[in-house]
Amino acid sequence: MTVTHERPEVVVPQESTSRLVADRVTLGYGERTVVRDLSLAVPDHRVSVIVGANACGKSTLLRGMARLLRPAGGSVLLDGEAIHRLPSRQVARTLGLLPQSAVAPEGLTVTDLVSRGRHPHSGLLRRWSREDDEAVADALALTGTLDLADRPVDQLSGGQRQRVWVAMALAQRTDLLLLDEPTTYLDLAHQVELLDVLRDLNAARGTTIVMVLHELAMASRYADHLVAMQGGRVVAAGTPAEVVTPDVVRRVFDLECRVIEDPVSHTPLVVPVGRHHH
């Protein structure tokens, strides 16, 4: 675990073999810096979850690692090379992304949208194949959206749309999958179902998954590697048991709490302490 006090950041060892690495990146929008001088190595073949209070830089970091945002300083490395220097199609075949608040073109059906996850594998001389059909069908089945296949995306509920977008990311069949708040709009049952699907994907295919989640309990249950951010920096990184402590929760969320063992998963469970419960 890495827990720092004077300068909260995680330094990537030179011998790191992680396929996806943020090397002292600084990210922002215009003149506003959100993430500053941050280093993070994503563990291969594991589920990593980034947590933190609103506006701490979680989504900005994910956008930078997905090549949607060019660093103002430092670099994001994919297989040892600066990701912004790699061909777009090469990156898309390796790294899939579910961004926050994705919007589909009007009238596009669910099958059409999920099929777009196969575009990185297409080419001038490559036609749609049985492998493409299987990838789309598997993604629809895994996300429980087969019955929605012919429906226009803009006629679905928020929760249904979110599952369809996840299906598109799964259809891409990449080795690395980045998801920004994939449980948004989902009720509790569908949150658990979706996170179970992602864990199954990791176990069956060894897919490296990086997610931004708000729910600490869900993050602790499903993460192999937990990253806690505050003020655009990494405060702590390690296993959920190492990261989810009253001290870290206080620093990251400005929240007093007790940490107990989840009776189902035996992972850390945060119990908030409000002003009326002392």
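The values are calculated or read from the model by the stated rules, or taken from the named source; none is laboratory data. Model, not experiment: these values are computed from the prediction. With ideal geometry, Cβ positions are generated from the backbone for all residues, glycine too; neighbour counts draw on all protein chains shown. For the accessible areas, the whole protein counts, side chains as well, though only heavy atoms, and no ligand, DNA or RNA atoms are used. Shrake-Rupley method; radii C 1.70, N 1.55, O 1.52, S 1.80 Å.
Structural remarks
- Members of segment 144-157 that are surrounded by 15 or more Cβ atoms within 10 Å (Cβ to Cβ) and more than 24 Å from the chain's Cα centre (by Cα): Leu148, Ala149, Arg151, Pro152
- Listed by position, the strands (runs of 3 or more DSSP E) contained in segment 29-96 that have at least 2 residues being open to solvent by 30 Å² or more (accessible area, probe 1.4 Å) are 32-41, 73-78.
- Exactly one residue out of Thr267, Thr184 is at pLDDT 95 or above, β-branched (Val, Ile, Thr), over 21 Å from Arg19 (Cα atoms) and surrounded by fewer than 23 Cβ atoms within 10 Å (Cβ to Cβ), and it is Thr267.
- Screening Arg250 with (1) under 29 Å from Asp37 (Cα atoms); (2) in contact (Cβ under 8 Å) with a residue 12 or more places away in the chain; (3) not β-branched (Val, Ile, Thr) gives one miss only, at (2).
- Taking each residue of segment 253-278 that is of a type in the set (A, V, I, L, M) and looking for partners that are in a loop (DSSP other than H, G, I, E, B) with beta-carbon atoms closer than 7 Å, six or more apart or interchain, yields Val259/Val244; Val259/Thr245; Leu269/Asp262; Val270/Val244; Val273/Glu256.
- Verdict on Ala149 being within 20 Å of Ala203 (Cα to Cα) and at pLDDT 90 or above: no
- Every condition in (1) more than 13 Å from Ala228 (Cα to Cα); (2) modelled with pLDDT of 95 or more is met by Leu61 except one, and the failing one is (1).
- Taking the criterion of being closer than 15 Å to Val91 by Cα and either open to solvent by 10 Å² or more (accessible area, probe 1.4 Å) or of a type in the set (Ser, Thr, Tyr) (or both), the residues of segment 158-181 that qualify are Gln172, Arg173, Thr174, Asp175.
- Of the residues Asp262, Asp247, the single one that is open to solvent by less than 20 Å² (accessible area, probe 1.4 Å) and of a type in the set (Asp, Glu) is Asp262.
- Residue match in segment 103-124 (condition: more than 27 Å from Val270 (Cβ to Cβ), among the acidic types (Asp, Glu) and not in a loop (DSSP other than H, G, I, E, B)): yes
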